Amino acid sequence: MSIETIISQFVGGLSVSMLLFLVASGLTLIFGVAKVFNFAHGSFYLLGAYFSYQAIALFNNFWAGVIAATIGAGLIGMLLEICFIRKIRGRSEEGAFQILLTYAFILIIDDAVKFIWGPEYKTIQKPPSLAGTLEIGAVSLPKYNLFIIVLGIVIVIVAWYILSRTKTGKIIQAASTDSQMVGLLGVNVSMVMSLVFGVATAMGGLAGAMAAPLRTVTSGSGVEVIIESLIVVVIGGLGNFWGALLGAVLIGEVNAFGVLWLPQWASLLSFVVMIVVLIFKPKGLLSNEPTRKKI
Amino acid sequence: MSDILLVQNIDSYYGKSHILFGASFSVKKGETFCLMGRNGAGKTTTFKNIVMLVPPKSGEVIFNGKKITGMKPYHTARLGLGLVPEDRRIFGLLSVKDNLELGTSTGRLGHWNLELIYSYFPALEEYQERMAGTLSGGEQQMLTIARTLMGNPEILLLDEPTEGLSPVMIKVLKDLVLKLKELNTTILLSEQNIKFSMAVSDRVAIIDRGHMVYEADVDTFRKDDEIKMKYLSV
Ligand SMILES: Nc1ncnc2c1ncn2[C@@H]1O[C@H](COP(=O)(O)OP(=O)(O)O)[C@@H](O)[C@H]1O
Ligand SMILES: [Mg+2]
């Protein structure tokens with residue numbers, strides 16, 4: 001295999017990784033801080049794609065779609081946290097309620113999307129500025145994929161900065177190990193959780209908008225994404241932000257090269273990677289155990 | 001002297017089990033009030049009721065003349081109730097300094113700041129960049145007290161601070177509490193260690209199986225061996 005193919009496959013895989021990371025990091029952040037497993041997280045990706053479609057239809061501008069997707073998904077996420085998820089916090093059957101509640105969100109959001117935008121596939125064009133390819137030597141790389149990678153890296157850096165360098169980030173880290181104690185120090189932890197929910201679902205929405213030109217927009221894509229993200233966070237260690245990044249890169253690249261080398265097995269590769277990781281590291285590659293270093 | 005904290009006739013439950021039965025006492029500004037009692041007597045539960053971690057089923061908690069019953073714990077912290085929990089609950093994956101800075105989340109202004117804390121707790125300055133989880137038990141106890149002080153509480157609630165500490169660390173802790181008293185800090189302490197309690201307290205109360213059974217100034221308590229035998233011997 002030529003080096004050009006490897007590079008272009010690697011870049012393609014990395015752009016998928018970044019989109020996965022946007023969804024999976026939100027999922028893991030919500031789990032870490034609020035101890036909620038948000039099965040509906042993929043539905044915010046779905047909402048992002050449709051909000052983007054709608055905004056582009058109205059304003060005829062790709063970036064308006066990206067902004068609408070991010071803000072819209074984040075607001076709806078925060079609203080659902082405040083109106084529903086918060087209400088079941090602390091109940092003895094909380095775990096079961098969370099599953100039922102977030103599963104209900106999947107069904108409701110799926111149907112709402114079909115109801116509002118109809119069941120047929122939608123397509124979103126790449127913005128003209130990112131439509132072509134970039135030639136680097138003999139390799140030609142799609143500009144749009146490169147943009148997603150850059151965006152992903154920027155988000156990783158911003159998230160790293162917020163989590164490890166700001167007081168808010170430290171509150172989030174502390175709350176993910178002992179939220180009650182954080183409250184005893186005077187922090188309104190409920191508000192922090194709503195905020196985390198909002199930011200995490202906004203990132204899901206952003207991923208949906210950015211992925212839309214690469215895939216078709218359909219109401220089933222939320223469920224596909226949640227399964228992939230679940231694999232990513234399980235591989236990385238549930239609740240661990242860097243684990244989500246590692247898992248996303250691993251899965252994105254394994255799939256990119258798997259398609260080349262083992263095409264007939266491609267759809268199974270993610271699961272194989274997950275099983276292999278779990279055999280050696282049952283809690284994921286970077287689990288939130290006390291031995292772990294700071295985020 | 002005026003009462004800063006009034007606990008009035010509190011009943012408290014965990015699920016169906018009745019733990020506190022009409023507990024009442026008050027803490028005056030500037031004093032160190034010690035709640036004593038055997039393991040399981042209800043000291044920690046009383047503290048949890050005061051900061052509303054476990055809201056009382058009936059009765060009232062009044063702080064600075066204001067009813068705080070039913071408030072959220074973070075709100076009581078902002079009002080100036082600083083709980084130092086018996087199980088310490090430091091954030092082990094964060095640095096010592098980060099732990100201290102989280103203590104400022106009450107948003108309360110006062111004379112405690114990082115510099116002053118480090119002058120009272122030199123070891124914490126030395127270890128400020130270390131992960132808090134790597135500190136020894138005694139150092140963690142100091143950190144959890146320092147963290148709460150960073151929030152400039154009006155009353156410090158110390159729940160069994162000597163538990164599990166070595167005699168050397170207990171001495172360090174005693175000196176610290178005496179220094180805090182010199183600063184006119186109001187302290188509500190819970191203890192099983194009679195010697196420690198007599199060394200630092202102004203008044204002592206005893207709780208036994210959820211009932212308040214005794215209250216006296218420390219000099220009376222010091223002489224009262226019968227009471228110690230009856231309620232505090234193991
Ligand atoms: N979370 C809880 N759930 C049920 N019972 C509890 C809980 N915490 C404490 N108890 C019970 O409440 C009683 C008082 O406990 P506690 O307040 O911790 O006592 P102390 O601090 O004086 O040792 C004990 O009988 C204990 O078993
Ligand atoms: Mg106790």
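Of note:
- Inclusion of A:Ala57 among residues that are surrounded by 14 or more Cβ atoms within 10 Å (Cβ to Cβ) and modelled with pLDDT of 95 or more is not warranted.
- Positions within region B:209-234 being open to solvent by 20 Å² or more (accessible area, probe 1.4 Å) and assigned to a strand (DSSP E or B), in sequence order: B:His211, B:Met212, B:Val213, B:Tyr214, B:Glu215, B:Asp217
- Within region B:4-54, tally of residues that are in a loop (DSSP other than H, G, I, E, B), touching a helix residue (DSSP H, G or I) at 6+ places or on another chain (Cβ under 9 Å) and within 14 Å of ligand 1 (Cβ to nearest atom): 6
- Only listed residue being out of contact with any Leu (no Cβ under 8 Å at 6 or more places or on another chain) and among the hydroxyl-bearing types (Ser, Thr, Tyr), chosen from B:Thr220, B:Thr162: B:Thr220
- Look at region B:97-110: where a residue is at the interface with chain A (Cβ under 7 Å from one of its Cβ atoms) and a partner is among the β-branched types (Val, Ile, Thr) and not in a helix (DSSP H, G or I), sitting 6+ places away or on another chain with Cβ atoms under 8 Å, you get B:Leu102/A:Val187; B:Ser105/A:Val187.
- When each of A:Pro127, A:Pro142, A:Pro119 is tested for being surrounded by 19 or more Cβ atoms within 10 Å (Cβ to Cβ) and farther than 30 Å from B:Leu81 by Cβ, the lone residue that passes is A:Pro142.
- Given (1) closer than 14 Å to A:Ser15 by Cα; (2) out of contact with any Leu (no Cβ under 9 Å at 6 or more places or on another chain); (3) surrounded by 15 or more Cβ atoms within 10 Å (Cβ to Cβ), index of the condition A:Ser164 fails: (1)
- Residue in region B:41-57 that is in contact with a strand residue (DSSP E or B) (Cβ under 6 Å, 6 or more places away or on another chain) and more than 16 Å from ligand 2 (Cβ to nearest atom) present: yes
- Note on region A:1-30: residues that are over 20 Å from A:Val158 (Cα atoms) and outside any loop (DSSP other than H, G, I, E, B) total 11.
- All positions within region A:82-105 that are open to solvent by less than 30 Å² (accessible area, probe 1.4 Å) and at pLDDT 95 or above: A:Phe105
- Matching entry among A:Leu195, A:Leu245, A:Leu206, A:Leu185 (being farther than 18 Å from A:Ile148 by Cβ and out of contact with any strand residue (DSSP E or B) (no Cβ under 9 Å at 6 or more places or on another chain)): A:Leu195
- Subset tally (residues that are outside any helix (DSSP H, G or I) and either within 11 Å of the chain's Cα centre (by Cα) or within 16 Å of A:Leu107 (Cβ to Cβ) (or both)) for region A:37-52: 3
- Hits in region B:166-195 - residues which are within 16 Å of ligand 1 (Cβ to nearest atom) and surrounded by fewer than 22 Cβ atoms within 10 Å (Cβ to Cβ): B:Gln192, B:Asn193, B:Ile194
- The one condition in (1) part of a helix (DSSP H, G or I); (2) within 19 Å of A:Leu206 (Cα to Cα) that A:Lys126 fails to fulfil: (1)
- Residue, nearest to B:Ser26 (Cα to Cα), within region B:196-208, restricted to residues that are more than 16 Å from ligand 1 (Cβ to nearest atom) and open to solvent by less than 50 Å² (accessible area, probe 1.4 Å): B:Arg203
- On the stretch given as region B:86-116, residues that are within 10 Å of B:Leu143 (Cβ to Cβ) and either of a type in the set (A, V, I, L, M, F, W, C) or in contact with a strand residue (DSSP E or B) (Cβ under 9 Å, 6 or more places away or on another chain) (or both) total 5.
- Residue tally, condition charged (D, E, K, R) and within 9 Å of chain B (Cβ to nearest Cβ), over region A:176-216: 1
- When residues of region A:35-52 are limited to those that are touching a helix residue (DSSP H, G or I) at 6+ places or on another chain (Cβ under 7 Å) and open to solvent by 10 Å² or more (accessible area, probe 1.4 Å), the one farthest from A:Ala175 (Cα to Cα): A:Phe51
- The condition of being away from ligand 2 (no atom under 16 Å from the Cβ), away from chain A (no Cβ under 14 Å), within 22 Å of B:Ala23 (Cα to Cα) and among the polar types (S, T, N, Q) holds for only one of B:Thr185, B:Thr220, that being B:Thr220.
The values are calculated or read from the model by the stated rules, or taken from the named source; none is laboratory data. Note that this is a predicted model, so its numbers are computed, not measured. When we count neighbours, we look across all protein chains shown, and the Cβ atoms used for this are built from the backbone with ideal geometry, even at glycine. Just so you know, the surface numbers come from the protein's heavy atoms only, side chains and all, with ligands and any DNA or RNA stripped out. Shrake-Rupley method; radii C 1.70, N 1.55, O 1.52, S 1.80 Å.
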